[in-house]
Structure formats: C-alpha cells, structure tokens
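Novice: Encoded as structure tokens, here's the structure I'll be asking about.
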Amino acid sequence: MAKFAAAIPVNYLTAYFMMIHQGSLRKDETILIHGIGGGVGIAALQIANKIGAKIIGTAPAGKHSKIRDLGVEHLIDYQSEDFSERVME
C-alpha cells in the first residue's frame, strides 16, 4: 500500500506545476483537463476546483458519473466525441 501512496505527491506536484507555475491558472478561467479520470487528472480537477476555475474534462463515458460527483459538469467522452468541437460549444 505504501508504494501506491508514494505516487500521490507526484500527481499533485505535476498538476500544480503545470497549472499554476507554468499556466498561471486563475479564478473564473476555463481549463481543459485531458484524462481527467486518471491520477494527475483527478489532482488537476481538485486544484482547479479550489482555485475556482471552470473545468472541461475528457474521459471515457464510464468514468463520467464519478467525475461529476467531484464537481465537474462539462465532460467529453474522448472515445466517441470530437473534443475539439465540443470544447468550442
């Protein structure tokens, strides 16, 4: 179990570095998180929620319910939809 827990900081540090340090994400900005159902994706959505950003996520349809429970309203099934078109809606 400890070896799995060791990966948690990596997920959050990766998401934080890219969104905050590199991307300067701010409240009310919109962010697209690809693979929002994975480890880094979940970390990114939690950080974005805390900041107050608007989130669009891509994930397989089977993960949408659980991701919605985490507060993401705008989800795209990247396996059956063209996310580049959907993001512009």
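Novice: If you check Asn11 against the conditions, is it surrounded by 13 or more Cβ atoms within 10 Å (Cβ to Cβ), assigned to a helix (DSSP H, G or I), among the polar types (S, T, N, Q) and under 11 Å from the mean Cα position of the chain (by Cα)? So that I can check it myself, show each step before the final result.
Specialist: Numbers: surrounded by 13 or more Cβ atoms within 10 Å (Cβ to Cβ): yes; assigned to a helix (DSSP H, G or I): yes; among the polar types (S, T, N, Q): yes; under 11 Å from the mean Cα position of the chain (by Cα): no.
For Asn11, the condition - surrounded by 13 or more Cβ atoms within 10 Å (Cβ to Cβ), assigned to a helix (DSSP H, G or I), among the polar types (S, T, N, Q) and under 11 Å from the mean Cα position of the chain (by Cα) - is not met.
Novice: Based on what the data block shows, is Gly71 at pLDDT 95 or above, surrounded by 11 or more Cβ atoms within 10 Å (Cβ to Cβ) and either farther than 22 Å from Leu25 by Cβ or of a type outside the set (A, V, I, L, M) (or both)? Working first, answer last.
Specialist: Details: at pLDDT 95 or above: no; surrounded by 11 or more Cβ atoms within 10 Å (Cβ to Cβ): yes; either farther than 22 Å from Leu25 by Cβ or of a type outside the set (A, V, I, L, M) (or both): yes.
No; evaluated as a whole, the condition is false for this residue.
Novice: Looking at the range 50-63, which of the residues that are in a helix (DSSP H, G or I) and touching a Gly at 6+ places or on another chain (Cβ under 9 Å) is surrounded by the fewest Cβ atoms within 10 Å (Cβ to Cβ)? Can you show your working first?
Specialist: Our first condition is that a residue be in a helix (DSSP H, G or I); within the range 50-63, this holds for 50-51, 61-63.
Cutting the leftovers down to touching a Gly at 6+ places or on another chain (Cβ under 9 Å) gives us 62-63.
Values: Gly62: 10, Lys63: 17.
Top of the filtered list is Gly62.
Let's see how each residue does on (1) among the hydrophobic types (A, V, I, L, M, F, W, C); (2) at negative phi:
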position: Glu29; (1), (2): no, yes
position: Gly35; (1), (2): no, no
position: Leu45; (1), (2): yes, yes
position: Lys54; (1), (2): no, yes
position: His64; (1), (2): no, yes
position: Leu70; (1), (2): yes, yes
position: Glu73; (1), (2): no, yes
position: Asp77; (1), (2): no, yes
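Novice: Another question, if that's okay. Restricting attention to the range 56-89, report how many residues are in contact with a Leu (Cβ under 8 Å, 6 or more places away or on another chain) and among the basic types (Lys, Arg).
Specialist: Count: 1.
Novice: Moving on. Does Ser84 count as among the hydroxyl-bearing types (Ser, Thr, Tyr), exposed (fewer than 13 other Cβ atoms within 10 Å of the Cβ) and either at positive phi or touching a residue at least 24 places away in the same chain (Cβ under 8 Å) (or both)? Can you show your working first?
Specialist: Values: among the hydroxyl-bearing types (Ser, Thr, Tyr): yes; exposed (fewer than 13 other Cβ atoms within 10 Å of the Cβ): yes; either at positive phi or touching a residue at least 24 places away in the same chain (Cβ under 8 Å) (or both): no.
It is false that Ser84 is among the hydroxyl-bearing types (Ser, Thr, Tyr), exposed (fewer than 13 other Cβ atoms within 10 Å of the Cβ) and either at positive phi or touching a residue at least 24 places away in the same chain (Cβ under 8 Å) (or both).
Yes or no, residue by residue, for (1) within 25 Å of Ile8 (Cβ to Cβ); (2) of a type outside the set (Gly, Ala, Ser); (3) within 12 Å of the chain's Cα centre (by Cα); (4) not in a strand (DSSP E or B):
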residue	(1), (2), (3), (4)
Ile20	yes, yes, no, yes
Asp28	no, yes, no, yes
Ile36	yes, yes, yes, yes
Val40	yes, yes, yes, yes
Ala48	yes, no, yes, yes
Ser65	yes, no, no, yes
Gly71	yes, no, yes, yes
Leu75	yes, yes, yes, no
Glu89	no, yes, no, yes
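The values are calculated or read from the model by the stated rules, or taken from the named source; none is laboratory data. Worth saying up front: this structure is predicted, and the values here are computed from it rather than measured. Counting neighbours? That spans all protein chains shown, and the Cβs are built from the backbone with ideal geometry, glycine included.
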